[in-house]
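Novice: Handing you this structure, nothing more for now.
The values are calculated or read from the model by the stated rules, or taken from the named source; none is laboratory data. Everything numeric in this text was worked out from a predicted model, so none of it was measured. As a convention, Cβ positions derive from the backbone with ideal geometry for all residues, glycine included, and neighbour counts pool all protein chains shown.
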Amino acid sequence: MTGNANVKLDDLTRYSGEWLRGVGPQSDIVISSRIRLARNLADYPFISRASPQDRGRIQGQLQTAIPSLADQDDLLCIDVEELAAVDRQFLVERQLISRELAEASGARSVAIGRDEKFSLMINEEDHLRIQVMESGLDLESAWDRINRIDDLIEEKVTFACDETLGYLTACPTNVGTGMRVSVMLHLPALVMTRQIDKVFRSLHKISLAVRGLYGEGSQAMGDFYQISNQITLGRSEKDLIKQVGDVVPVVIKYERQAREFLVQESQENLHDRVSRAYGILRNAQTISSEETMHLLSSVRMGVNLGLIDDLKIPIVNELFIHTQPAHLQKLSGSELDTTDRNIERARYLRRHLAQADRPDSENN
């Protein structure tokens, strides 16, 4: 699968995706809004039953359909099977492919749109997974974009669809619309005030799933949580967007109240926690990915509460991603073991946080 020859995977390390810009509605708490659609071609078995020849034909047919989305110059098209392990992990960290696609084998690929606002995974659990991401709480824009993409592809191929059930998918919970609506939130105050479990229990009662930074099966690193629908059968796309869209503002309200409580009732402890986190990140000589995420979470909240005034949210958001293992190795230009990664991570943090301190530095 080929795209613009001037655009390579390494180019993605030079900037951050649109969803990390720290803009959009409620972006102090909501990192991104994402909608994903699962689709399968009518003439082939599901991936779990597909032969290597089937997978190759599925990939070829979808690759023919995808360029209709935009000029080729707007798409970065990557053969995932040919990527090194660190490059596959790099795309996972960037939220452009799933861990399942990265760890699978056989014919599979991804097409990435301009500004990383959308990606299309071929031969993941389903033949095609379309995902769109927007910065902040903006599910309507995400829906408008993904609906257009879905329609354009469906003009070129025939999807497996039942008159009664809707779109047919490999996992029964996705049958119907094939849609997963998710919002990624940063909820450090609810964690600090030990209210997070109560909030999650309430979400489970209304059939909403809570997952970590990288989706299903991942841990909640850096106090990031994804809230999404669990079942699509019998629900329309608008219903699913409304279900998630109505609940997220309530969670945002609880997080804001928890932050206000910490400011009013525990200001010295809060300021100390934020200052210590910032100090460690600016001075550490070696630091793990997990500790970095934990400390950046406190710093991000501190910036939003006005406790740190020489740092901007886009810089913090970028550091969350760029200090992940694969990103560090791509940025350093060499493979690093755990010990060397921890040293390089600390060096990277010291350098970038020092740049952010300078009055003439560009933090936008």
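Novice: Quick check on this structure: which one of Met133, Met121 is among the aliphatic types (A, V, I, L, M), part of a strand (DSSP E or B) and out of contact with any Phe, Trp or Tyr (no Cβ under 9 Å at 6 or more places or on another chain)?
Specialist: Values: Met133 fails: out of contact with any Phe, Trp or Tyr (no Cβ under 9 Å at 6 or more places or on another chain).
After applying the criteria, what remains is Met121.
Novice: From the list Ile153, Ile97, Ile112, which residue is out of contact with any strand residue (DSSP E or B) (no Cβ under 6 Å at 6 or more places or on another chain) and of a type outside the set (Gly, Ala, Ser)? Reasoning before the result, please.
Specialist: Details: Ile97 fails: out of contact with any strand residue (DSSP E or B) (no Cβ under 6 Å at 6 or more places or on another chain); Ile112 fails: out of contact with any strand residue (DSSP E or B) (no Cβ under 6 Å at 6 or more places or on another chain).
Selected residue: Ile153, the only one of Ile153, Ile97, Ile112 that is out of contact with any strand residue (DSSP E or B) (no Cβ under 6 Å at 6 or more places or on another chain) and of a type outside the set (Gly, Ala, Ser).
Novice: Got a number for residues in the range 36-75 being part of a strand (DSSP E or B) and closer than 21 Å to Gly106 by Cβ? Show your work before the answer.
Specialist: First pass over the range 36-75, keeping only residues part of a strand (DSSP E or B): 36-39, 41.
Then keep just the ones that are closer than 21 Å to Gly106 by Cβ; that gives 38-39, 41.
Final tally of qualifying residues: 3.
Novice: So which of Gly222, Gly234, Gly166, Gly215 ends up being in the same structural domain as Ala102 (by TED's automatic domain parsing) and either at pLDDT 95 or above or more than 19 Å from Arg39 (Cβ to Cβ) (or both)?
Specialist: On the way: Gly234 fails: either at pLDDT 95 or above or more than 19 Å from Arg39 (Cβ to Cβ) (or both); Gly166 fails: either at pLDDT 95 or above or more than 19 Å from Arg39 (Cβ to Cβ) (or both); Gly215 fails: either at pLDDT 95 or above or more than 19 Å from Arg39 (Cβ to Cβ) (or both).
Testing whether each residue is in the same structural domain as Ala102 (by TED's automatic domain parsing) and either at pLDDT 95 or above or more than 19 Å from Arg39 (Cβ to Cβ) (or both) leaves just Gly222.
Novice: Considering only residues of the range 261-288 that are modelled with pLDDT of 95 or more and polar (S, T, N, Q), which is nearest to Gly222 (Cα to Cα)?
Specialist: Going through the qualifying residues, I end up with Ser288.
Novice: Could I ask something else about it? Of the residues that sit in the range 193-211 and are closer than 15 Å to Val244 by Cα and of a type in the set (Val, Ile, Thr), which one is surrounded by the fewest Cβ atoms within 10 Å (Cβ to Cβ)? Spell out the reasoning first.
Specialist: We begin by selecting, within the range 193-211, every residue closer than 15 Å to Val244 by Cα; these are 199-200, 202-211.
Within this subset, residues satisfying the condition of being of a type in the set (Val, Ile, Thr) are 199, 206, 210.
On the way: Val199: 19, Ile206: 11, Val210: 17.
Residue satisfying both the conditions and the ranking: Ile206.
Novice: Here's a follow-up. Give me a count of the residues in the range 268-313 that are outside any helix (DSSP H, G or I), in contact (Cβ under 8 Å) with a residue 40 or more places away in the chain and not hydrophobic (A, V, I, L, M, F, W, C).
Specialist: Our first condition is that a residue be outside any helix (DSSP H, G or I); within the range 268-313, this holds for 284-288, 305-312.
Checking the rest, the ones that are also in contact (Cβ under 8 Å) with a residue 40 or more places away in the chain come to 284-288, 305, 310-312.
Subset that is not hydrophobic (A, V, I, L, M, F, W, C): 285-286, 288, 310, 312.
Looking only at that region, the number is 5.
Novice: Scan the range 108-118 and give yes if some residue there is part of a loop (DSSP other than H, G, I, E, B), over 20 Å from Val248 (Cβ atoms), in contact with an Asp or Glu (Cβ under 8 Å, 6 or more places away or on another chain) and hydroxyl-bearing (Ser, Thr, Tyr), otherwise no. Break it down into steps so the answer makes sense when it comes.
Specialist: Kept after step one, since they are part of a loop (DSSP other than H, G, I, E, B), are these residues of the range 108-118: 108, 113, 117.
Keeping just the survivors that are over 20 Å from Val248 (Cβ atoms) gives 108, 113.
Right, trim to in contact with an Asp or Glu (Cβ under 8 Å, 6 or more places away or on another chain) and you get 108, 113.
If we keep only those that are hydroxyl-bearing (Ser, Thr, Tyr) as well, we get none.
Scanning the range 108-118, I find no residue that is part of a loop (DSSP other than H, G, I, E, B), over 20 Å from Val248 (Cβ atoms), in contact with an Asp or Glu (Cβ under 8 Å, 6 or more places away or on another chain) and hydroxyl-bearing (Ser, Thr, Tyr), so the answer is no.
Novice: Can I ask one more? Name the residue that is surrounded by the fewest Cβ atoms within 10 Å (Cβ to Cβ), counting only residues in the range 163-192 that are over 27 Å from Ala50 (Cβ atoms) and touching a Leu at 6+ places or on another chain (Cβ under 7 Å).
Specialist: In this case the residue turns out to be Met192.
Novice: Now for a different question. For the subset of the range 325-345 comprising residues that are in contact (Cβ under 8 Å) with a residue 40 or more places away in the chain and in contact with a Lys or Arg (Cβ under 9 Å, 6 or more places away or on another chain), which member is nearest to Gly22 (Cα to Cα)?
Specialist: My answer is His327.
Novice: Let me ask another. Give just the number: which of (1) farther than 30 Å from Ser141 by Cβ; (2) free of Cβ contacts under 8 Å to residues at least 12 places away in the same chain does Pro52 not satisfy?
Specialist: (2)
Novice: Applying the selection to the range 149-177, what residues are on the phi > 0 side of the Ramachandran plot and either in contact with a Lys or Arg (Cβ under 6 Å, 6 or more places away or on another chain) or free of Cβ contacts under 8 Å to residues at least 60 places away in the same chain (or both)? Spell out how you get there, then give the answer.
Specialist: Of the residues in the range 149-177, the ones on the phi > 0 side of the Ramachandran plot are 166, 176.
Listed by number, the list holds a single entry, Gly176.
Novice: Taking the condition of being farther than 30 Å from Ala209 by Cα and surrounded by fewer than 14 Cβ atoms within 10 Å (Cβ to Cβ), how many residues in the range 255-298 meet it?
Specialist: Residues that pass the stated criteria total 10.
Novice: Using the structure shown, decide if Ile252 is in contact with a strand residue (DSSP E or B) (Cβ under 8 Å, 6 or more places away or on another chain), at pLDDT 95 or above and either on the phi < 0 side of the Ramachandran plot or surrounded by 17 or more Cβ atoms within 10 Å (Cβ to Cβ) (or both). Steps first, answer last, please.
Specialist: Numbers: in contact with a strand residue (DSSP E or B) (Cβ under 8 Å, 6 or more places away or on another chain): yes; at pLDDT 95 or above: yes; either on the phi < 0 side of the Ramachandran plot or surrounded by 17 or more Cβ atoms within 10 Å (Cβ to Cβ) (or both): yes.
Taking the combined requirement at face value, the residue satisfies it.
Novice: On to the next question. Of the residues Ser119, Ser135, which single one is assigned by TED's automatic domain parsing to the domain that holds Gly60, farther than 19 Å from Lys242 by Cα and polar (S, T, N, Q)?
Specialist: Working: Ser135 fails: farther than 19 Å from Lys242 by Cα.
Matching residue, one of Ser119, Ser135: Ser119.
Novice: Pick out the one residue from Thr2, Thr64 that is surrounded by fewer than 15 Cβ atoms within 10 Å (Cβ to Cβ), among the polar types (S, T, N, Q) and either modelled with pLDDT of 95 or more or out of contact with any strand residue (DSSP E or B) (no Cβ under 9 Å at 6 or more places or on another chain) (or both). Please lay out each step first, then the result.
Specialist: Working: Thr2 fails: either modelled with pLDDT of 95 or more or out of contact with any strand residue (DSSP E or B) (no Cβ under 9 Å at 6 or more places or on another chain) (or both).
Sole residue among the options that is surrounded by fewer than 15 Cβ atoms within 10 Å (Cβ to Cβ), among the polar types (S, T, N, Q) and either modelled with pLDDT of 95 or more or out of contact with any strand residue (DSSP E or B) (no Cβ under 9 Å at 6 or more places or on another chain) (or both): Thr64.
Matching residues to (1) of a type outside the set (S, T, N, Q); (2) surrounded by fewer than 19 Cβ atoms within 10 Å (Cβ to Cβ); (3) under 18 Å from the mean Cα position of the chain (by Cα):
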| residue | (1), (2), (3) |
| --- | --- |
| Leu76 | yes, no, yes |
| Glu81 | yes, yes, no |
| Val92 | yes, no, yes |
| Arg99 | yes, yes, yes |
| Ala107 | yes, no, no |
| Asp115 | yes, yes, yes |
| Ser119 | no, no, yes |
| Asp126 | yes, no, no |
| Arg129 | yes, no, yes |
